[in-house]
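Chemist: Have a look at this one before I ask anything.
Every read-out reported here was derived from the displayed coordinates using simple, explicitly stated rules and does not represent laboratory data. Keep in mind the model is a prediction, meaning the values are calculated, not measured. Note: ideal-geometry Cβ built from the backbone for every residue, glycine included; neighbour counts use all protein chains shown.
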Amino acid sequence: MIKVSSILLIAFLTRFGDGAPTSGNSSTDASVTTSFTEALLSTAVPTSTDTSFEETTTAGFISTDPNNVLWNDTSDPSVVTPQRGTLGAPIMGPDNIPLDLQNPDLFAPPTTDAGILPNAKWPFALSHNRLQTGGWARQENIQVMPIATEMAGVDMRLEPGAIRQVELHWHSTAEWAYVLKGSTQITAVDQDGRNYLATVHAGDLWYFPPGVPHSLQATGDDEEGSEFLLVFDNGAFSEDSTFMLTDWLDHVPYEVIQKNFQVSNPDAFAHIPGHELYIFPSAVPPDDATAPEDPQGTVPNPFSFPLSQINATQHSGGAVKIVDSTTFTVSTTIAMAEVTVNPGAMRELHWHPTQDEWSFFLEGEGRMTLFASQGLAGTFNYQPGDIGYVPAAYGHYVENTGNTTLKYLEIFKSARFQDISLNQWLALTPPALVQAHLNLDNETISQLSKVKPVVIGPSA
């Protein structure tokens, strides 16, 4: 392996060759300089048997010690201890064993973790649940997850029967939704008076731009009703600050209400509820429900998207569906990926260049390590119903640590989905530069992927 002094010599000679006075045979001189430089570079390319790098480096090498997950939530509690290898010691005081079982990489972190990162995990199970007649709602925002500054989430459940519906309302933020179970009928009217009605099924999406009034109502398709995930493009959003129709009219003088609607019956609005309804019982909407005839027409771009009917892109370790404004036109502030990771596989090492990632775990078990630069890294474990968060440009991966399929959502406050693959970046960078950084041999360089692996299968 060529020494650092030789590498500096290459740079000097290259610069000298560029700036030296030309001779009568400039093409020959340039050829000699180029050939000499290439020859020096070729000697710097490591091989699988080259040991000179080990003799000259002062930085040392990364650890190859295993840092596997040590247990999971079904393990015998007796194996739970804050120890990894020779590090740590058994706990002697009181302990919350169920939480330790779910978070092995917090309790006994990988030796590759360093420093302390903000908590990048929030289980909906720890959120306060607002119970109503016919349903409930629980939320996550910066009050409970301070790192999640760009987006907030709500898990909402509506019962069927004398069906429950969320009252007519609107928000100052956009609302994006993923139906978890059952189906939900949505209605909306945009700023130009154009209406929309659709039934959104499990695995499908809806999106309402800021300020667009809408309603959500569980259908009778599923005997248990409907449950859905709502995401808002503001980490400080609170479901309690939603603009409710009944709440508004309760604070408008009655004579103003009469003047506004100018209906013939002066008592027509006398029985408006004196408080917001939020979630309340109603009749099951018919399967053939249609929006009222609208002289302005219907919205030009649908507020719903049939994600469940879209074919996923298959990869060696799983599959991915990506939806953003290029496919779901109205969704201008939220982009997403639905990711499936097979047992033993992983979402590749990558980062998102400009936008934070808000993750939601649907099924299976996984772990994610966040690299925050400056030597800071932290690993978090996730189960169904958990929220993850990755600030923009943080390097990370998501590994399936269980025996079943891992499925989760990656959600971004952006019109377009964007990520940068570490594997692809290295494959498309000049090999000599990669070899100088990482001491890789030619065979390894040739095996890097020039297309994004996205979800990588288990190691051979």
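Chemist: HN-Hα J couplings of segment 343-356 from phi, Karplus 6.51/-1.76/1.60, θ = phi - 60°, integer Hz, Gly and Pro as x?
Modeler: x, x, 9, 8, 6, 4, 4, 7, 8, 10, x, 10, 10, 5
Chemist: Can you tell me what share of the DSSP beta bridges in segment 340-460 is antiparallel? A percent to the nearest 5 is fine.
Modeler: Once the DSSP bridges in segment 340-460 are tallied, antiparallel ones form about 100 percent.
Chemist: Moving to a separate point now. Only Cα pairs under 8 Å and at least 6 apart count here; give the relative contact order of segment 127-305 as a rounded whole percent.
Modeler: RCO, segment 127-305: 31 percent.
Chemist: Could you go through segment 358-375 in sequence order and give the Karplus-derived ³J(HN,Hα) for each residue, using 6.51 cos²θ - 1.76 cosθ + 1.60 with θ = phi - 60°, rounded to whole Hz, and x for Gly and Pro?
Modeler: Once rounded to whole Hz, the list reads 9, 10, 9, 9, 8, 7, x, 10, x, 9, 9, 9, 9, 9, 9, 6, 6, x.
Chemist: What list of ³J(HN,Hα) couplings, whole Hz, do you get for segment 325-334 from phi and the Karplus terms 6.51, -1.76, 1.60, once you set θ to phi - 60° and write x for glycine and proline?
Modeler: 5, 6, 10, 10, 3, 6, 7, 8, 10, 10
Chemist: When Lys and Arg each count +1 and Asp and Glu each count -1, what net charge do the other residues less than 14 Å away from residue 74, Cβ to Cβ, add up to?
Modeler: -4
Chemist: Could I ask something else about it? Considering amide H positions built from the backbone, and no H for Pro or chain starts, which residues 5 or more places from residue 334, or on another chain, come under 5 Å of its amide H?
Modeler: HN-HN under 5 Å from residue 334: 414.
Chemist: More than 16 Å apart: what percent of Cα pairs in segment 386-438 qualify?
Modeler: 62
Chemist: For segment 127-305, what Kirkwood radius comes out of the mean inverse Cα-Cα distance, in Å?
Modeler: Working: mean 1/r = 0.0581 Å⁻¹.
Every distinct Cα pair counted, the radius reaches 17.2 Å.
Chemist: Let me ask something else about it. Can you tell me, using C-alpha contacts under 8 Å and at least 6 residues apart, the relative contact order of segment 65-168 as a whole percent?
Modeler: Working: 111 pairs, mean separation 19.7, N = 104.
Relative contact order comes out at 19 percent.
Chemist: So what is the relative contact order for segment 348-422, in percent, with contacts set as C-alpha pairs under 8 Å and at least six apart?
Modeler: 48
Chemist: For residue 216, enumerate residues with amide H under 5 Å from its amide H, sequence gap 5+ or separate chain, H modeled in the peptide plane.
Modeler: Amide H neighbours of residue 216, under 5 Å, 5+ apart: 166.
Chemist: Another question, if that's okay. Translational diffusion coefficient, Stokes-Einstein: compute it for segment 362-460 using the Kirkwood radius over C-alpha pairs as Rh, at 10 °C and 1.306 mPa s, and state it as an integer in µm² s⁻¹.
Modeler: Working: Rh = 15.8 Å.
Once the numbers are plugged in, D ends up at 101 µm²/s.
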